[in-house]
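Q: One structure follows; several queries about it will come next.
Coordinate-derived values only; no laboratory data. Please read all numbers here as calculations on a predicted model, not as lab measurements. Cβ atoms come from the backbone with ideal geometry, glycine included; neighbour counts cover every protein chain shown.
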Amino acid sequence: MTSVGIDAFEIWTGNLVLDLPNTFAPAQGEDPEKYTKGLGLNASSFPDSYEDIVTMGANAAHRLMERKGLTPEDIGRIDVATESSFDKSKPISTYVAGCLEQVYEGDFHHANKGERKFACIAGTQCLDDAYNWIRAGRSRGRAALVIATDTALYERDDPGEATQGAGAVAMLIDEDPNLVELSAEQGYGSADETDFLKPQQQFPSVDGKRSMQVYLARMREALEDYESVAGASHPDDFAYVPFHTPFPGMVRKAAVLAYRHTIRDTPIEADLAEEIGRQPRREDFDDKAGYDEAIRGYVDDLKATERYQTWYETTIEPTLTISREVGNWYTGSVHLARASALIHAAETDRDLAGSALGVGSYGSGAQAEVHAELVADGWHEEIEAVSDHLDDQLAERYDLTFTEYEAVHDAHNHDKDVETAELTTPSREFVFDGWGRMGERKYRYVE
Ligand code: HMG
């Protein structure tokens, strides 16, 4: 069977940055360590007033096409994953194609375009769609362009405000990929949940604490479903495990859950039993409350073991590096986690070709998905190209004062009609260029 997966990708961050411990924390009257240690975040990326989901998505896609020497004829579909769309009918992919057609001679008239919505998991669902399209033999040798783009803003003073972010990840899905091959096996955990939603509103209604419980419950279900098709997983099966990362503290909780689950009835559990005992089993407890309390105690002990900490430092911690500096990018977040892991492998001279990644995607509402990815031979060259540009982009972001942050938040609030001066000067990128006669947003490329 031909291998299908991610051939290449590029990341585009919003051009502004909010320093959480030094700028946001003092203004909120909070301890900076709540952000750096508790949530695990140093900063959030923000869009300048000329940036939005279209500009960031088109800029990521343009950079990807330029680097890979592609023209519009090479692309057979453009799927955009977003939960920040401003149009209920016309998909963001048409706006992105319109941008790209300004800078290429050809056009995307024969590419199938769409938009996927399921909170943060939509980016991974677009990968699925592209995979299925290629495997079904419908691609005519062309690749799919998948763009995950979001401005993840919360209402001012919502607890989620600390986890905001903005940026896009553009991925090229193709046969014989250079970066990672996607597994045919997948596991799902999906249920009708009301933890985080945007019913006819720009900013989400969030039950933050519940959203974390739902994330863990659905992720566990997805892992069990994955194992039912791929066989039992073992923590050492995966070189890295990139999770959807709304903030690194969430991944700390997901990682210990996954570890506990996958070591059950293995020699690792038996080895650890000498130190912390065996995992509690439900059948040994009269009621669920007693069992849950015993599990909490076991998890605390497990987290303190050297064996778990070594696994976490090697397999999970490296996936969080980009997230710490940019916040939650919703649909793009799990793809940033994969990127962080691969950059870490390149920086530490790890020979990753042929190794597996275990990928845990999640979207509120809610659905988790688990699949594996096999790292391809061309991964190192790919990741070096991405990482050089990413480092520059992150370093060049404009550092917001708190007053500027408030103004930028207002400028992106659809209910407020405020003009804000640009804080950065666009260069070689697409920018928002005002409104058209039917209320459409217009864009132009700035040299
Ligand atoms: P909060 O109530 O402001 O924070 O909201 P907290 O008081 O719970 O503190 C957060 C952590 O910092 C805690 O760690 C504290 O102990 C610690 P934990 O106990 O959980 O391990 N902490 C400190 N640590 C060191 N020094 C200190 C200190 N103070 C506190 N001084 C919350 C946190 C996540 C609820 C909020 O930010 C929120 O509502 N965020 C948005 C929702 C969210 O991100 N949920 C995550 C799961 S759902 C998801 O991932 C989907 C999503 O991406 C959307 C989609 O799918 O589209 C959000």
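Q: Report, in debye and to the nearest 20, how large the dipole of region 299-437 comes out about its Cα centre when Lys and Arg carry +1 and Asp and Glu carry -1 on their Cβ. Please report the intermediate quantities before stating the final value.
A: Numbers: 9 positive and 29 negative charges, 96 e Å.
It works out to roughly 460 debye.
Q: If you count, for each residue, the other Cβ atoms within 10 Å and average over each peptide, how do 224-236, 49-61, 429-441, 203-215 line up from highest to lowest?
A: Output ranking for 224-236, 49-61, 429-441, 203-215: 49-61, 203-215, 224-236, 429-441.
Q: Give the distance, in whole Å, between the Cα centre of region 274-316 and the Cα centre of region 115-185.
A: The two parts, judged by their Cα centres, are 34 Å apart.
Q: What are the equivalent ellipsoid semi-axes of region 195-261, built from the alpha-carbon gyration tensor (square roots of five times its eigenvalues), in whole angstrom, biggest first?
A: 27, 13, 10
Q: Additional query: Non-local amide H neighbours of Glu115 (under 5 Å, H modeled in plane, Pro and chain starts lacking H): which ones?
A: The list, which skips near neighbours in sequence, is Val80.
Q: If you take the beta carbon distance between Val446 and Ala27 as r and set R0 to 22 Å, what does 1/(1 + (r/R0)^6) give as a FRET efficiency, to the nearest 0.05?
A: 0.10
Q: Right, another one. If you count the DSSP beta bridges with both ends in region 4-143, what percent of them are antiparallel, to the nearest 5? Let's see the in-between values first.
A: Details: 4 of 11 bridges.
For region 4-143, the DSSP antiparallel bridge percentage is about 35.
Q: Turning to a different aspect of this structure: How high is the relative contact order of region 55-110, given as a whole-number percent (alpha carbon pairs under 8 Å, six or more residues apart)? Before the final figure, lay out the partial values.
A: Working: 29 pairs, mean separation 26.3, N = 56.
For region 55-110, the relative contact order is 47 percent.
Q: Still on this structure, please answer the following. Whole-Hz ³J(HN,Hα) for each residue in region 17-33, computed from phi via Karplus 6.51 cos²θ - 1.76 cosθ + 1.60 with θ = phi - 60°, x for glycine and proline: what do you get?
A: So the Karplus estimates, Gly and Pro as x, are 9, 10, 7, 6, x, 9, 10, 6, 4, x, 5, 8, x, 10, 6, x, 6 Hz.
Q: Going by average Cβ density within 10 Å per residue, which order do the peptides 123-136, 309-322 take, highest to lowest? Provide the component values of the computation, followed by the final result.
A: Working: 123-136: 21.1, 309-322: 19.2.
The packing order, highest mean first, is 123-136, 309-322.
Q: Please compute the contact order of the chain in relative form: average sequence separation of alpha-carbon pairs under 8 Å and at least six residues apart, divided by the residue count, as a percent.
A: Details: 920 pairs, mean separation 109.5, N = 447.
Computed over the chain, the figure is 24 percent.
Q: Hey, got the dipole for the chain? About the Cα centre, +1 on K and R Cβ, -1 on D and E Cβ, debye to the nearest 20? Don't skip to the answer; put the middle values down first.
A: Numbers: 42 positive and 83 negative charges, 214 e Å.
With Lys and Arg at +1 and Asp and Glu at -1, about 1020 debye.
Q: Non-local amide H neighbours of Glu30 (under 5 Å, H modeled in plane, Pro and chain starts lacking H): which ones?
A: none
Q: Tell me which aspartates and glutamates have Cα within less than 14 Å of Lys90's Cα, excluding those fewer than 8 residues away on the same chain?
A: Candidates past the 8-residue exclusion: Asp79, Glu115, Glu440.
Q: Ok, one more. If you place +1 on the Cβ of every Lys and Arg and -1 on the Cβ of every Asp and Glu, how big does the dipole about the Cα centre of region 130-203 come out, in debye to the nearest 20?
A: Values: 6 positive and 13 negative charges, 115 e Å.
In debye, rounded to 20, region 130-203 gives about 560.
Q: How large is ³J(HN,Hα), in whole Hz, for each residue of region 233-246 in order, when computed from phi with the Karplus curve 6.51 cos²θ - 1.76 cosθ + 1.60 and θ = phi - 60°, using x for Gly and Pro?
A: 8, 10, x, 7, 5, 10, 5, 9, 10, x, 10, 4, 10, x
Q: Hey, another quick one. Please list the radius of gyration and Dmax for the chain, considering alpha-carbon atoms only, with Å as the unit.
A: Considering the chain through its Cα atoms, Rg and Dmax are 21.6, 72 Å.
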